[in-house]
Amino acid sequence: GNSVTQMEGPVTLSEEAFLTINCTYTATGYPSLFWYVQYPGEGLQLLLKATKADDKGSNKGFEATYRKETTSFHLEKGSVQVSDSAVYFCALNRNQAGTALIFGKGTTLSVSS
Amino acid sequence: DAGVTQSPTHLIKTRGQHVTLRCSPISGHKSVSWYQQVLGQGPQFIFQYYEKEERGRGNFPDRFSARQFPNYSSELNVNALLLGDSALYLCASSQDRANEKLFFGSGTQLSVL
């Protein structure tokens, strides 16, 4: 079946450290891949997306590259800030009518100053 | 413009009761999806409605039902509540059926005692 696996959290970093959150997926066909972020007390917000192999999504200093050969979509940021503290969800969409986003379990990031 | 709004924000029910959750999509959005997020897990798809018709259903029992109104707002109903139904219920809207870009509300936190 279709699924998303994220690295276990929490991830604890100091400000300006490098961030990687691993995400791998299993899917039939050619899914689109997403990273969503959930700040405390808020709903999910789309952070970035990629719709085909080798595409790179980027936003707010975060990047992720759609790697079909390794079925991965790892999230990276070169220098994290305290304000990046949140829960990050990797997700896929099989791009078929009536289907929905399939989410990973989420990775909690805590950044200290 | 207002984002996706959900009501109520918090709700406490007892086992066996019925609950109705409400969602207003972003103006102009015709698709509404419902997700259940259990603590520590990623959101799981419950329903998608587009143009007032059910377009997708996740793996949830028949106790869960939903509908979409002519103004594209939506209700999620859960009958015969179980302790395991305690979760954050998220509503998301998008402009079309493909759900390429979902906008999430802040959710309704349901506690079943």
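From A:SER83, A:SER110, A:SER79, which residue is in a loop (DSSP other than H, G, I, E, B), more than 10 Å from the chain's Cα centre (by Cα), surrounded by fewer than 18 Cβ atoms within 10 Å (Cβ to Cβ) and of a type in the set (S, T, N, Q)?
Testing whether each residue is in a loop (DSSP other than H, G, I, E, B), more than 10 Å from the chain's Cα centre (by Cα), surrounded by fewer than 18 Cβ atoms within 10 Å (Cβ to Cβ) and of a type in the set (S, T, N, Q) leaves just A:SER79.
Scan the stretch A:61-76 for residues that are of a type in the set (Asp, Glu) and either outside any strand (DSSP E or B) or at the interface with another protein chain (Cβ under 9 Å from one of its Cβ atoms) (or both) and jot them down.
The one that is of a type in the set (Asp, Glu) and either outside any strand (DSSP E or B) or at the interface with another protein chain (Cβ under 9 Å from one of its Cβ atoms) (or both): A:GLU69.
With the condition kept exactly as written, say whether any residue in the stretch B:10-32 is basic (Lys, Arg) and within 15 Å of B:GLN95 (Cα to Cα).
yes
Take the residues in the stretch B:31-41 that are within 15 Å of B:GLY105 (Cα to Cα) and either of a type outside the set (S, T, N, Q) or not in a strand (DSSP E or B) (or both); name whichever of them is nearest to the other protein chains (Cβ to nearest Cβ). Walk me through how you get there before you give the answer.
Quick first cut of the stretch B:31-41, residues within 15 Å of B:GLY105 (Cα to Cα) only: B:31-37.
Pick out the ones that are also either of a type outside the set (S, T, N, Q) or not in a strand (DSSP E or B) (or both) and you get B:32, B:34-35.
Working: B:VAL32: 12, B:TRP34: 10, B:TYR35: 8 Å.
The selected residue is B:TYR35.
Would you confirm whether any residue within the stretch A:90-99 is surrounded by fewer than 16 Cβ atoms within 10 Å (Cβ to Cβ) and within 10 Å of the chain's Cα centre (by Cα)?
Within the stretch A:90-99, none of the residues are surrounded by fewer than 16 Cβ atoms within 10 Å (Cβ to Cβ) and within 10 Å of the chain's Cα centre (by Cα).
Output the residues belonging to the stretch B:77-113 that are crowded, with 16+ Cβ neighbours inside 10 Å and more than 14 Å from chain A (Cβ to nearest Cβ).
B:VAL78, B:LEU81, B:ASP85, B:SER86, B:LEU110, B:VAL112 - these are the residues of the stretch B:77-113 that are crowded, with 16+ Cβ neighbours inside 10 Å and more than 14 Å from chain A (Cβ to nearest Cβ).
Condition check ((1) aliphatic (A, V, I, L, M); (2) modelled with pLDDT of 95 or more; (3) part of a strand (DSSP E or B)) across all residues:
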| residue | (1), (2), (3) |
| --- | --- |
| B:GLN6 | no, yes, yes |
| B:TYR49 | no, no, yes |
| B:TYR89 | no, yes, yes |
| B:LYS101 | no, no, no |
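Find the residue count for the stretch A:31-56, including only residues that are among the small types (Gly, Ala, Ser) and assigned to a strand (DSSP E or B).
2
Check off (1) in contact (Cβ under 8 Å) with a residue 24 or more places away in the chain; (2) in a loop (DSSP other than H, G, I, E, B); (3) in contact with a strand residue (DSSP E or B) (Cβ under 6 Å, 6 or more places away or on another chain) for B:GLN17 and give me the number that stays unchecked.
(3)
When only residues in the stretch A:88-107 that are more than 9 Å from chain B (Cβ to nearest Cβ) and assigned to a strand (DSSP E or B) count, which is farthest from A:LEU19 (Cα to Cα)?
A:LEU92
Take the residues of the stretch B:51-76 that are within 10 Å of chain A (Cβ to nearest Cβ) and assigned to a strand (DSSP E or B): which is nearest to B:LEU88 (Cα to Cα)? Even if it seems obvious, please write down each step before you answer.
Start the filter on the stretch B:51-76 by keeping residues that are within 10 Å of chain A (Cβ to nearest Cβ), which leaves B:54-58.
When the remaining residues are screened for being assigned to a strand (DSSP E or B), the result is B:54-57.
Numbers: B:GLU54: 22, B:ARG55: 22, B:GLY56: 20, B:ARG57: 18 Å.
Among residues in the stretch B:51-76 that are within 10 Å of chain A (Cβ to nearest Cβ) and assigned to a strand (DSSP E or B), the one nearest to B:LEU88 (Cα to Cα) is B:ARG57.
Does A:LYS60 meet the test of being touching a residue at least 40 places away in the same chain (Cβ under 8 Å), within 15 Å of the chain's Cα centre (by Cα), surrounded by fewer than 19 Cβ atoms within 10 Å (Cβ to Cβ) and closer than 30 Å to B:THR5 by Cβ? Spell out how you get there, then give the answer.
Numbers: touching a residue at least 40 places away in the same chain (Cβ under 8 Å): no; within 15 Å of the chain's Cα centre (by Cα): yes; surrounded by fewer than 19 Cβ atoms within 10 Å (Cβ to Cβ): yes; closer than 30 Å to B:THR5 by Cβ: yes.
Judged against the criteria, A:LYS60 is not a match.
How about the stretch A:3-30: which of its residues are away from chain B (no Cβ under 11 Å), surrounded by 13 or more Cβ atoms within 10 Å (Cβ to Cβ) and outside any strand (DSSP E or B)?
Scanning the stretch A:3-30 gives A:MET7, A:GLU15, A:ALA17, A:ASN22, A:ALA27.
Does any residue of the stretch A:92-101 turn out to be modelled with pLDDT of 95 or more and not acidic (Asp, Glu)?
Within the stretch A:92-101 (the criterion being modelled with pLDDT of 95 or more and not acidic (Asp, Glu)), the answer is no, since none of the residues qualifies.
The values are calculated or read from the model by the stated rules, or taken from the named source; none is laboratory data. Everything quoted here is computed from the prediction, not taken from an experiment. Cβ: placed from backbone, ideal geometry, glycine included. Neighbour counts: every protein chain shown.
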